[in-house]
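Here the structure is laid out as structure tokens; the discussion comes afterwards.
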Amino acid sequence: MEPVPHTSSRQPAGRLRISEIFLSVQGESTTVGWPTVFVRLTGCPLRCHYCDTEYAFRGGTVMPCEDILDKVADYGVRHVTVTGGEPLAQSACLPLLERLCDAGYRVSLETSGALDIGGVDPRVMKVMDLKTPGSGEVERNRYDNLDHLGIHDQVKFVICDREDYLWARRTLDEYGIAGRCEVLFSPAFGELDAAQLAGWILDDRLPVRFQLQLHKVLWGDEPGR
């Protein structure tokens, strides 16, 4: 998919607190399988019970944007994902995304959906969660974020159980999400049998993409993979 034309807002690059920068195979979204550089920002205002990156809640190293760009370039791949934690909790995330796009990368942002995504560069593919009741953070969803999504973006539901699935199905209908962007349904790792979720999707003929976390299939919970 070709990038969306964009005029630079010339935001100052700033400095960000980084938990890790690493190369892996993209495990989720429509770019699954591509060699991808992950830039994991430190900090998150949410505490989803199934979170697998609690180590990114605190600590990290403060880095100028230029150093981040240099580190990304060292890996020599086209795809870059900015993730967390919750990357948008750091205001300098927005100019970082812009700089990565300006450098010619295919950039995606993984965000919880709890913070405003309106300022994200339109060239960025947004992969936004809607938190289910089973996450423990359903009240943090910002449904007005849906208005900022386009056909190259995605909404992700992490499904913990049958109740989560029914909630997600109702939410799809209530907000017409499948007509806005692609929808991803993923079983919470270690909590819901993947075949069970796939069966529910097929039974209901839902217009969603079933996905597994490929990186966990390959490497389990190993950090930085």
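Across the range 35-48, computed HN-Hα scalar couplings (Karplus, 6.51 cos²θ - 1.76 cosθ + 1.60, θ = phi - 60°) run x, 9, 8, 9, 10, 9, 7, 7, x, 7, x, 9, 9, 5 Hz from first to last residue, x flagging Gly and Pro.
Each residue of the range 112-125 was assigned a 3J(HN,Hα) from its phi angle through the Karplus curve 6.51 cos²θ - 1.76 cosθ + 1.60 (θ = phi - 60°); the sequence is 6, x, 8, 10, 4, 9, x, x, 6, 3, x, 6, 7, 7 Hz, with glycine and proline shown as x. Across all Cα pairs in the range 94-225, the calculated P(r) in 10 Å bins from zero up to the longest distance comes to 12, 40, 35, 12, 1 percent per bin.
Averaging the sequence gap over all C-alpha pairs within less than 8 Å and six or more residues apart, then dividing by the number of residues, gives the range 15-219 a relative contact order of 18 percent.
Shape annotation for the range 134-180: C-alpha extents along the principal axes are 28, 19, 17 Å, from largest to smallest.
Our coupling estimate for the range 71-83, obtained by passing each phi through the Karplus curve with A = 6.51, B = -1.76, C = 1.60 and θ = phi - 60°, is 5, 4, 4, 4, 7, x, 10, 8, 9, 10, 10, 9, 9 Hz, Gly and Pro reported as x.
The residues neighbouring E110, those whose beta-carbon lies less than 11 Å from its own, together hold a net charge of 0 under the Lys/Arg +1, Asp/Glu -1 convention.
Based on DSSP H runs of at least 4 residues, each adding -39500 (n - 2.57), what is the mean residue ellipticity at 222 nm of the chain after dividing by all its residues, to the nearest 500 deg cm²/dmol? Calculated mean residue ellipticity at 222 nm is -7000 deg cm²/dmol.
Spacing of the modelled spin labels on R142 and V77, each 7 Å from Cα toward Cβ, amounts to 2.9 nm.
Across all C-alpha atoms in the chain, the radius of gyration and Dmax reach 16.8, 50 Å.
We did not get these values from a lab; they are worked out from the coordinates using the rules stated. Note that the coordinates shown come from a computational prediction; the quantities given were computed from them, not determined experimentally. Heads up, the Cβs are rebuilt from the backbone with ideal geometry, glycines too, and the neighbour counts pull from every protein chain shown.
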